[in-house]
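See structure below.
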Amino acid sequence: MGCGMSTEEKEGKQRNEEIENQLKKDRMMQRNEIKMLLLGAGESGKSTILKQMKLIHEGGYSRDECESFKEIIFSNTVQSMRVILEAMESLELPLDDTRAEYHVQTIFMQPTQIEGESLPPEVGNAIKTLWADRGVQECFRRSREYQLNDSAKYYFDSIDRIAQAEYLPNDQDVLRSRVKTTGITETTFIIGDLTYRMFDVGGQRSERKKWIHCFENVTTILFLVAISEYDQLLFEDETVNRMQEALTLFDSICNSRWFIKTSIILFLNKIDRFREKLPISPMKNYFGDYEGGEDYTAACDYILNRFVSLNQSETKQIYTHFTCATDTTQIRFVMAAVNGDTTLQPWTVLLMLTLYTRHHHPGESARMWTDIISYLTKV
């Protein structure tokens, strides 16, 4: 009798080999796949980082994609002016020029969502006139007392360009546009041999219960904090300081059983707004143990230590970066350091630092040198 395998045995062996090959492919893909979870409180800059990744690694936005942001930008601009005008009523701040009252009514007559290919001329004129009013400027100066979009000043200052009939949003316009993130958004990028799956989730309290669905097999957590919000209250609970909320949230994530072996990168974001605020809104008013006055470096060190000291693990390291999420040059470098991107040569990194230090505080540059030294050892 022959000892050859039966047809069924051959088919079974073939199926086993196919399964083994698929498992090998899956293991290989997992080794080359980075699952990055973007976490942080609402308005910390998570969605802006995703937009930067598209600009840096996917060649930016097409004309059609830029066109699609127009209505968002129009709505952000008009809604921001409406918020200021409503705040003027509650703060009892009058217009400096009462003749501008006509323009106030123009703003209040606009729908919440502005639709159309261009901003109506009367709306653009109303925003330009009101933004020049000293009463509106005073209300803007007190914006920590109410909820105002971070990009309000940027869009108001750009209103002549935005109100043009042929207006097409540029990269900065897109980066600064704001749409509240709800649910979970997955974005995939290919960088070298690695596939990055980045998950952006809503940061407001009502959205956080959805985070649990993203926790499995996370490679890295990118946690963002808007450090400029040290003097502001939560949108969803105006009894809670935003920085305090971020500290509480980071504590729960950093020390969670879900992330014992997960790398954590901390982006202390919105350094541009933070630097502007320090001289006019003393941090000691909100954090009594802070003794650094208006010194930017001292304030950065204080916030950094407040977050890093929450780490209860002796083996877990928190990788920190001070960032401005709307600064593409800086984010390009920081993400290269985060990713260990060996496609960037050392001279390129040094050039990027040179460009960066022209516009930033020396203390900030010292921190970036630490990142550069760490990065160059990998190249």
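Residue selection: Thr326 fails the criterion of being part of a strand (DSSP E or B), in contact (Cβ under 8 Å) with a residue 40 or more places away in the chain, hydroxyl-bearing (Ser, Thr, Tyr) and surrounded by 14 or more Cβ atoms within 10 Å (Cβ to Cβ). For the range 277-294, residues that are touching a residue at least 24 places away in the same chain (Cβ under 8 Å) and either more than 19 Å from Gly42 (Cβ to Cβ) or over 24 Å from the mean Cα position of the chain (by Cα) (or both) total 5.
Scanning the range 268-295 for residues that are of a type in the set (Asp, Glu) and more than 19 Å from Thr48 (Cβ to Cβ), we see that the one that is surrounded by the fewest Cβ atoms within 10 Å (Cβ to Cβ) is Asp289.
Inside the range 1-40, residues that are modelled with pLDDT under 70, assigned to a loop (DSSP other than H, G, I, E, B) and not small (Gly, Ala, Ser) make up a count of 3. Of the numbered criteria (1) touching a strand residue (DSSP E or B) at 6+ places or on another chain (Cβ under 7 Å); (2) under 28 Å from Gln172 (Cβ atoms); (3) among the polar types (S, T, N, Q), the one Thr297 fails is (1). When Ile280 is tested against the conditions (1) under 18 Å from Asp231 (Cα atoms); (2) among the β-branched types (Val, Ile, Thr); (3) assigned to a helix (DSSP H, G or I), the lone failure is (3). Number of residues in the range 162-179 that are of a type in the set (D, E, K, R) and in a helix (DSSP H, G or I): the value is 3. At least 1 residues being touching a residue at least 40 places away in the same chain (Cβ under 8 Å) and surrounded by fewer than 18 Cβ atoms within 10 Å (Cβ to Cβ) is the threshold, and among the helices (runs of 4 or more DSSP H) wholly inside the range 84-161 those reaching it are 121-131, 134-141.
Restricted to strands (runs of 3 or more DSSP E) entirely inside the range 183-227, those with at least 3 residues that are surrounded by 15 or more Cβ atoms within 10 Å (Cβ to Cβ) and at pLDDT 85 or above are 194-201, 220-226. Considering (1) part of a helix (DSSP H, G or I); (2) at pLDDT 90 or above; (3) touching a helix residue (DSSP H, G or I) at 6+ places or on another chain (Cβ under 7 Å), the lone condition that Ile56 does not fulfil carries the number (2). For Glu43, the conditions (1) closer than 30 Å to Phe108 by Cβ; (2) assigned to a helix (DSSP H, G or I); (3) in the same structural domain as Ile271 (by the TED database) all hold with the exception of (2). When the range 223-244 is filtered for residues that are touching a Cys at 6+ places or on another chain (Cβ under 9 Å) and over 19 Å from Ser151 (Cβ atoms), only Phe223 remains.
For Tyr146, are the conditions met, namely being hydroxyl-bearing (Ser, Thr, Tyr) and either under 27 Å from Thr239 (Cα atoms) or in contact with a Phe, Trp or Tyr (Cβ under 8 Å, 6 or more places away or on another chain) (or both)? Give the steps one after another, and end with the answer.
Details: hydroxyl-bearing (Ser, Thr, Tyr): yes; either under 27 Å from Thr239 (Cα atoms) or in contact with a Phe, Trp or Tyr (Cβ under 8 Å, 6 or more places away or on another chain) (or both): yes.
So Tyr146 passes the test.
Pairs linking a residue in the range 60-78 that is touching a residue at least 60 places away in the same chain (Cβ under 8 Å) and under 16 Å from Glu166 (Cβ atoms) to a residue that is aliphatic (A, V, I, L, M) and assigned to a helix (DSSP H, G or I), with Cβ atoms under 7 Å and 6 or more positions apart or on different chains, are Cys66/Val174; Phe69/Val174; Ile73/Ile162.
Which is at pLDDT 90 or above, among the charged types (D, E, K, R), part of a loop (DSSP other than H, G, I, E, B) and in the same structural domain as Ile318 (by the TED database), of Asp237, Asp231, Asp251? Give the derivation first.
Details: Asp237 fails: at pLDDT 90 or above; Asp251 fails: part of a loop (DSSP other than H, G, I, E, B).
Step by step, each of Asp237, Asp231, Asp251 is checked, and only Asp231 is at pLDDT 90 or above, among the charged types (D, E, K, R), part of a loop (DSSP other than H, G, I, E, B) and in the same structural domain as Ile318 (by the TED database).
The values are calculated or read from the model by the stated rules, or taken from the named source; none is laboratory data. Given the structure is predicted, the values throughout are model-derived calculations rather than measurements. Note that each Cβ is placed from the backbone with ideal geometry, even for glycine, and that neighbours are counted across all protein chains shown.
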